[in-house]
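Participant: Below are the structure tokens for one structure; questions will follow.
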Amino acid sequence: MESSARRDEGPVLTPRQIFERLDRYVIGQEEAKRVVAIAAHNHLKRIQAKRQRRGSLIKKSNILLIGPTGSGKTHIARNLAEILSVPFTTVDATEYTEAGYYGKDVEVMISDLLFKANHSVEDTQRGIIFIDEVDKIARRSQGARNGAGSRDIGGEGVQQALLKLLEGREVFVPMNVTQAWNKSDFVQIDTRDILFICAGTFSDLHDYGESAARPLGFGAEELARKVKKRISVKQLVDFGMLAEFLGRLPVTVQLQALGEDDLLRVLTEPPDSVLKEFRELLAFDEIELDFTEQALRAVVRFSVEKGLGARGLRSILEYVMSDVMFEAPECRRRRITVDADFVGARLAGLDAAQLST
């Protein structure tokens, strides 16, 4: 099989080109998209230097994304991988434990990427690994701060194990993800050119980062989001993240919660928006689907009130449209308009827990 690394010999995408492509699919988060575009551009130049077999001083640009649920962390990473045409995998940090204990070893995440790359070692070594819920592996025991007490195998132990992958080492990873215990089927992977994007909500730090004096009056909520202080490295260390771990994530990006206007754009503008998906589904049954602006605003307002963010939009629409989707095959050649009254009646008394994803 021909490696995609050999097929993609064109010029390196500029940060502006990466930003513009991200901008088509990711609504809002302008600063985050700019920072990620620069890091991705530097990552491509690092790979190009290695491909040309010349020495380079360019270091890895691993990224740490900090932001509330539904702010677009996973969406940015997934679309970045598609733009760069590299293998991509998403893993949950909470599934891993320190080596030698029951649970997944961190090398298994490289196996996931190897599987996504169709077992091409060359493609794997230039892919992207998205590690979600990284805030859940913060140091959990006070004893671990001074070297005393019990081992923190699911927190600090995982951070320690990840250091070698983030920095870049040659590691042996299992060929079969489902049989990681089989020590006979291993392959050597160099992680020096694998881009790691770590993400977490770090929810306890968001309120801590706000200014003491909160703006009041018209537009105060929007202004309050803009004046939030940046989360410092010291805050992250106090939270329980190892300084050595943070040092291997040189690019830190803070994402803000999306407001109603941003969520409305998420529903309607991207080429892969959930609203366009519903319209395509109903088009198979020869049904034209329309939403009034008030109906869409009722959906995004519910998502904002329940703290679901962009991630909750699909679940809300699935619930709102369930009866329509059930009856659609029997109602061909019709035009359906969903208004605010219909949405309000469907969402009345609905618990956000029922829509959690």
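Participant: Under the Karplus relation 6.51 cos²θ - 1.76 cosθ + 1.60, θ = phi - 60°, what is the ordered set of whole-Hz ³J(HN,Hα) values for segment 73-87, x standing for Gly and Pro?
Facilitator: Karplus-based 3J(HN,Hα) across segment 73-87 equals 5, 5, 5, 5, 5, 5, 6, 4, 4, 5, 5, 7, 6, 10, x Hz.
Participant: As a quick test, which of the pairs LYS116/LYS234; LYS104/LYS306; LYS73/LYS276; LYS50/LYS73 have an alpha carbon distance above 25 angstrom in this structure?
Facilitator: LYS116/LYS234; LYS104/LYS306; LYS50/LYS73
Participant: Still on this structure, please answer the following. Taking Rh as the Kirkwood radius computed over C-alpha pairs, what is the Stokes-Einstein D of segment 37-90 at 25 °C in a medium of viscosity 0.890 mPa s, expressed in µm² per second?
Facilitator: Numbers: Rh = 12.7 Å.
The diffusion coefficient I find is 194 µm²/s.
Participant: Mind checking which aspartates and glutamates have their C-alpha under 14 Å from LYS59, skipping anything on the same chain fewer than 8 residues away?
Facilitator: Partners found: GLU167, ASP193.
Participant: A follow-up question, please. Restricting to DSSP loop positions (anything but H, G, I, E, B) with no more than 16 other Cβ atoms inside 10 Å of their own Cβ, which trypsin sites (Lys or Arg not before Pro) remain in segment 25-94?
Facilitator: Values: sites: LYS33, ARG34, LYS45, ARG46, LYS50, ARG51, ARG53, ARG54, LYS59, LYS60, LYS73, ARG78; in loops: ARG53, ARG54, LYS59, LYS60.
For trypsin sites (Lys or Arg not before Pro) across segment 25-94 that sit outside H, G, I, E and B with at most 16 neighbouring Cβ atoms in 10 Å, the list reads ARG53, ARG54, LYS59.
Since every read-out is calculated from the coordinates, none of them should be taken as a lab result. Quantities reported herein were computed from a predicted structural model and do not represent experimental measurements. Virtual Cβ from ideal backbone geometry, glycine too; neighbours counted across all protein chains shown.
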